[in-house]
Structures are given as structure tokens and as C-alpha cells.
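Let me begin by presenting the structure, written as C-alpha cells, before commenting on it.
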Amino acid sequence: MLERLFQLRAHGTTVRKELLAGVTTFLTMAYIIVVNPSVLSTTGMDFGAIFVATCLAAAIGTLIMGLWANYPIALAPGMGLNAFFAFTVVGSMGYSWQVALGAVFMSGLIFFLLSILKIREWIINSIPMSLRFGISAGIGFFLALIALKNAGIVVDHPATLVGLGDIKTPEALLFFLGFVLICALSYRRVTGAVMIGILLITVISLVMGMVQYKGFVSAPPSLAPTFLQLDIGGALNVGMISIIFAFLFVDLFDTSGTLIGAAHRGGLLDKDGKLPRLGRALMSDSVATMSGAALGTSTTTSYIESTAGIAAGGRTGLTAVVVAVLFLASLVLSPIASIIPAYATAPALFYVAVLMASGLKQIDWDDITEAAPAIVTALAMPLTFSIANGIALGFITYAVIKAVSGRWSQLNASVVTVAVVFILKFMFLDAA
């Protein structure tokens, strides 16, 4: 049955390799089951319900990817997008988390339609590479600011907006320890480096009496507080357009980049360098996002950590199925997840920030018309505390600089259209 479903021989793999690859991928991304509830619960959402939604959304999306698209790619609520959901859409802009979930659902629906209508390729190919790298780095900087804030290292200051907090506190010191440990273990290629770092800081906190032990396993918490609580009607408000676009845009490039990168790593591309069954893979991602929103979590997307499993030999959807089963098994671990403090997950956020910022090296620094919009995009995200604002200012800057520089030929219809839409939004909607 497994051979018929996953074509193991044709992909040069075995059941044993796929099982090992699945476990490897899960260990590298399992941190999301504690980090995501920690981030989203700041909106007032129920921690236990988010924990369950995270595990279920990851399991559903990964299972669809494995059984339908037959790729060893795992999915889970995305880092960066969960922070945008919690700290910008709900925290700064004042929307309810129910409306934010509605926006996530709408972005998944649009993503699904784009995949069916094959508009996705036109969008991806028409967006300048410099903006893509700027967006990735900007999300990284955004996560870094949140991590430092959670650890009490960066604090608000009446004169300079931000300042240095008390770095001698136990929380700050444990943050530094966790970050150094994660980086060192990652350098040594230790599987599950991020999760090990989070758990070690939590254990130290337990010993020091900074958190209280609540048990190891239990029945899964109730999903009722978040299940089907999304407000799609509220998300259709004209003011939510840029937010839906931001969710969609980031997920689109996250997913496409992860799929191509992971497929290249595993030799899964065809002779023309294209990914077979790409449409199925993208639709798996969009269905996972819609399902996740219905369950009660932010955008579910493909995880680059899947390359760890591919490096361990995973080549088919059986790897993904193993990951999905492990996410389901994690449902009984809610007592452990609930005691992990914010300063223990902050090192994971900061580590992911470092990885995302590495895209800046791909920018053509000798061409100011490419470099400047990328930096505007990257810096605007943390400084305005909004991924959407960073994307908007990046597109506007790119289009205007190219036009004023006389390089009209490097502009395409999609970039100009998006830039004009954002200009109109800032002029009329934000001023209203």
C-alpha cells in the first residue's frame, strides 16, 4: 500500500528512510507548538485552544501535502506571520483576533484561487528579487525586536523611543544563554537544536522557581474558545485590504521559496528545473491556511525545516505523513507547553530572525535602485511594527526610484499597480 501511495522505489527511498526523515523534520520544527501559542495568546486568545489549533493545523496541512502532493514537506503556522497577527493587526491596529482570523482565512482563499487560475506564476515572476529579499529580512528584524522585547532587553524610552533594559535580570540572562545554545547546537548540526534550547531554559527556570511545574501529559485542552470563531464579515472591511494582502503576499513567497528550495535539496525538480505537482503543493498550503483559521491559528505555511528531513533521506509524502502523526501525538503535551515562559521562546524567535536576515546578502548592493527599496522594506517592518507597512513602503519606493531614475523598462504592470494601490491607501484610507 505504501509503495502504491508514495512510489518509494521510483524515488529511491525506503520506509525506514522516510520514517527517520519524518522524525528529523518534526524535531527541527516542533518548537512551533510552544512558540505559536505563546505569541498568539498575547491577543487574549485561549492558550490551550491555540496549542490544539497549532497541532491540528500542522497535522492537517502536512497530511494533505504528503498524501495528495506526495512531497516530504511539512507545514505549520508560520513564524513572522503569527507575530504580525498578534502584535500588529490585533495589538497595534486594534482589530479583534476574530477579525484577524477572518483575514487569514480570506488570504488562504485567495491563495487557493490564484493556484487554480495559475495567476500565481505571474505574480511571483513579476515581483523584483530585491523586494523579496527585503521582505524576508524585514520579517526577521521584526521577529528580533519582538524577541528582545519579550526578554526585557529592549524597552520603551520617552526620549529615544527604545532603550536598553536591565540585562542583569534572570530573564535576560536566560535569553542570552538560550540563544547562544541554539546557535552552537545548530552550528554542530544537532537535530532539534531550537527545541533543545527552549526546553533547557524552561528546566533551568523550573529549578530556579521562576515557573511552576504543571505535569507532563494530559488530555488535550478544549478547542472551543477558538474553533470557528473567525469573523469573515469583519475581515471584508476596506481597511483590512492591506492586511489580507500582507498575509497573502508573505505566505505566497514563503511557500514558493520553501518548496523550490527543499525540492532542489532533495533532487525532486524535473529536467527543466521545475517542480512537478506544484499546483497540488500550493493548494495544500492554501487549504491548510483556511483550515488553520477555522481552528484558531494564524497562517499555516510550508516550513524550510523540511530540508532537515530531506537531508536525512526523505523523498516522498510518507515523510510528511510521519510528521503529521507526530504533531497529533503532541496534543497530549499541553502541560509542558503552558509552562514555557516568553523569555524561553524568545531565543527561538531571535534565531529564526538571524536566518531570515541572511537574504540581504543576495541584494545587488552596487545598484542603489535595487538596494534602497529592499532596505526601506526591511527597516520599515520593525520600525513601524508592521509587515504590511514594510511591504507597502517597499513597493512604493521601488516604483518611484525606478521611474525617477529613468529605468521604466525594469517596472512591470503588477509592481506599478501594487504601488499605486498602496499610495491610495495611505492617502485616503489611513487618513480617514
Return the Cα extents of the range 265-384 along principal axes one, two and three, sorted largest first, each rounded to a whole Å.
-> 51, 47, 30
Normalised by the number of residues in the chain, what is the relative contact order in percent for Cα pairs under 8 Å and 6+ residues apart?
-> 35 percent
Starting from the amide H of residue 301, placed 1.01 Å from N in the peptide plane, find each other amide H under 5 Å away whose residue is 5 or more places distant or on another chain.
-> 76, 78
Phi to ³J(HN,Hα) by Karplus 6.51 cos²θ - 1.76 cosθ + 1.60 over the range 384-396, Hz, x for Gly, Pro | 9, 6, 7, 5, 4, 5, x, 4, 4, 5, x, 5, 4
Per 20 Å bin from zero, what fraction in whole % of the C-alpha pairs of the chain is there, up to the bin with the longest pair?
-> 26, 59, 14, 0
Find the accessible area per residue for the range 334-429; the probe is 1.4 Å, ligands and nucleic acids are left out, and the unit is Å².
-> 42 Å²
For residue 231, which sequence-distant residues (separation of 5 or more, or a different chain) have an amide H within less than 5 Å of its own amide H, given hydrogens modelled in the peptide plane?
-> 99, 101, 102
Cα-based Rg and Dmax for the range 372-432, in Å, come out at 11.7, 35
Find how many whole Å separate the alpha carbon centroid of the range 191-214 from the alpha carbon centroid of the range 145-164.
-> 24 Å
Principal axis box of the range 1-88, alpha-carbon based, largest edge first, Å | 48, 21, 21
Under the classification rounded if a/c is under 1.5, otherwise prolate if a/b is larger than b/c and oblate if not, where does the range 35-174 fall, given a ≥ b ≥ c as square roots of the Cα gyration tensor eigenvalues?
-> prolate
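Going through the cross-link list 361/402; 168/361; 149/214; 149/402, which pairs have a Cα-Cα distance over 31 Å in this structure?
168/361; 149/402
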Short version: ³J(HN,Hα) in whole Hz for each residue of the range 363-377, in order, from phi by Karplus 6.51 cos²θ - 1.76 cosθ + 1.60 (θ = phi - 60°), x for Gly and Pro, what are they?
-> 6, 7, 6, 7, 10, 5, 6, 9, 5, 4, x, 5, 5, 4, 4
Taking all pairs of distinct Cα atoms, average 1/r, flip it, and tell me the Kirkwood hydrodynamic radius of the range 91-208 in Å to one decimal place.
-> 18.3 Å
Hey, what number do you get for the chain at 222 nm if only DSSP H runs of n ≥ 4 count, each worth -39500 (n - 2.57), divided across all residues, to the nearest 500?
-> -20000 deg cm²/dmol
Counting only residues 5 or more apart in sequence or on a different chain, those whose built amide H sits under 5 Å from that of residue 162 are 157
HN-Hα J in Hz across the range 299-308 - Karplus 6.51, -1.76, 1.60, θ = phi - 60°, x for Gly and Pro = 3, 9, 9, 6, 9, 5, 4, 4, 5, 5
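The values are calculated or read from the model by the stated rules, or taken from the named source; none is laboratory data. Note that the coordinates shown come from a computational prediction; the quantities given were computed from them, not determined experimentally. Only protein heavy atoms, including side chains, enter the accessible area calculation; ligands, DNA and RNA are left aside. Shrake-Rupley method; radii C 1.70, N 1.55, O 1.52, S 1.80 Å.
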